[in-house]
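Please read the structure below before turning to the comments.
The values are calculated or read from the model by the stated rules, or taken from the named source; none is laboratory data. Note that this is a predicted model, so its numbers are computed, not measured. Backbone-built Cβ (ideal geometry, glycine too); neighbour counts: all protein chains shown. Remember, those area values only see protein heavy atoms, side chains included, never the ligands or the DNA or RNA. Shrake-Rupley method; radii C 1.70, N 1.55, O 1.52, S 1.80 Å.
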Amino acid sequence: MNTLDLLVKRLGSQRSSFKTMGELGEFYGGVSGKSKEDFTEGNAPLITYMNVFANIEVQADVSSRVRISENEKQNNVQFGDVLFTGSSETLYECGMSSVMTTKTEKKIYLNSFCFGYRFYDSGLFLPSFTKYLFRSEGIREQIIKTASGVTRFNVSKKKMACVRIPIPPLEVQQQIVYELDNFTFCTKKLTEKLTTELAVRGKQFEYYRGELLDFDNKETPTTLLREIVDFRNGKGHEKDIDENGKYIVVNSKYISTGGEVKKFTSKQICPLYKDDILMVMSDLPNGRALAKCFLVDQDDKYSLNQRIGAFHIKSPAVRTRFLFHVLNRNRQLLAYDNGVDQTNLKKEEILDIKIYIPSLDVQDRLVSMLDQFDSTYNDLSNSLSVEIEARWKQYEFYRDSLLRFKELTA
């Protein structure tokens, strides 16, 4: 039995007093009354939405800025504060927490899409403990119930005030922090190693695929993409999302995750048909989704969302699966990503790329090789992803076990 198991066994019967967040502290909002220009020419550090969402403890050394005038009254984040995301597209991502565990002389401000929480008694909790507490299963279950919405979910601060949290002794908090900090470090290191391996293999795959599809010679005929396909854009589905809907909404998340993250609709606003090739036309700087493609496998199953393009071959000289490989993360289109601003591919930019068209026999041979590359990479990706997921599930099990206190009874 390892140290964590022993600690879980010992604390399994640990009892603690509980109080509501409303009894223990107060909420405050992020910066208000700001224009777009205030965030492009700012003079004060700003904690962004993603900083809160992605980290259990706030990354205080930030490059994001907001303009704050002298004597301007705005809430600033202090040591020990717990920050929460105020809304999300999915219910289970609402109210994600991050704790300010860094002491700094600088005034740091919070974005308007998040809100903060400050304990009345700063000595009641170790910030290094609350960073784990508010991400634990028991607390997250309560926080999720405070959110409501349809296409976007918003957290109610009034309901958040009713969330009940344990108040274990400081020495118990310290023990838990020591074990979880060590376990978190080891889990992150292993995850980084596996993620790096996956990224290297992905770049390797893209390189060899590019080399196979490089026909830069006089013998292979070329044409513009517009000459061999019909193109159409998707349409917005935000108001028609229905978790019980019949049709899968093909958006950038669906394509970038290989179909793992799905949204549904009961209205096929923009129908898709078998052998349509779909492409993500918009992504963040250096994103992995730009120009990523998806091949439709059947009729009456999908509806195309905005910012996704659809191509259907109109030339008998081109195999559908060959063109799918040519367009998927096409180098000509990736060149539009400057690494600074969000990339939004235009219809004309896409349709004007040069396409090499070898004989059908050559296309078939290339498709066979590229499909094998796809299969090999996907197998590796799945195995590494499963390993990463297993490690984090193990981490979550120990974290939740250590933070599952029983309430003291009179």
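Some observations on this one:
- Cα pair distances of the chain binned at 20 Å [whole percent]: 22, 47, 27, 4, 0
- Reachable lysines, given that their alpha-carbon falls under 16 Å from the alpha-carbon of Lys159 and they are not under 8 places away in the same chain: Lys19, Lys145
- When the C-alpha to C-alpha distance is required to be over 19 Å, the pairs from Lys246/Lys301; Lys262/Lys301; Lys235/Lys301; Lys36/Lys157; Lys34/Lys73; Lys274/Lys314 that qualify are Lys36/Lys157.
- Relative intensity, log₁₀ I(q)/I(0), of segment 302-406 from a Debye sum that treats every alpha carbon as a point, q = 0.13, 0.15, 0.23 Å⁻¹: -0.75, -0.89, -1.24
- The simple Förster model, with R0 at 51 Å and r as the Cβ-Cβ distance, assigns Lys188 and Glu219 a FRET efficiency of 0.50.
- Here, segment 39-174 has an Rg and a Dmax of 15.1, 45 Å when only alpha carbons are counted.
- Annotation for segment 67-121: chymotrypsin sites (Phe, Trp or Tyr not before Pro) lying in DSSP loop with at most 11 further Cβ atoms inside 10 Å of their Cβ are Tyr120.
- Whole-number percent relative contact order across segment 46-165, with pairs defined as alpha carbons under 8 Å at least 6 apart: 29
- Cut-off 16 Å, label 7 Å out along Cα→Cβ of Val150, residues of segment 74-92 by amide N: 89-91
- Placing R0 at 35 angstrom, the Cβ-Cβ distance between Phe113 and Ala335 gives a FRET efficiency of 0.60 after rounding to 0.05.
- Where a label projected 7 Å from the Cα of Lys246 along Cα→Cβ would reach, residues of segment 302-337 with amide N under 17 Å: 302-304
- In this label model, Asp181 and Lys354 are separated by 5.8 nm, measuring between points 7 Å along each Cα→Cβ vector.
- Surface per residue (accessible, 1.4 Å probe) for the chain, Å²: 54
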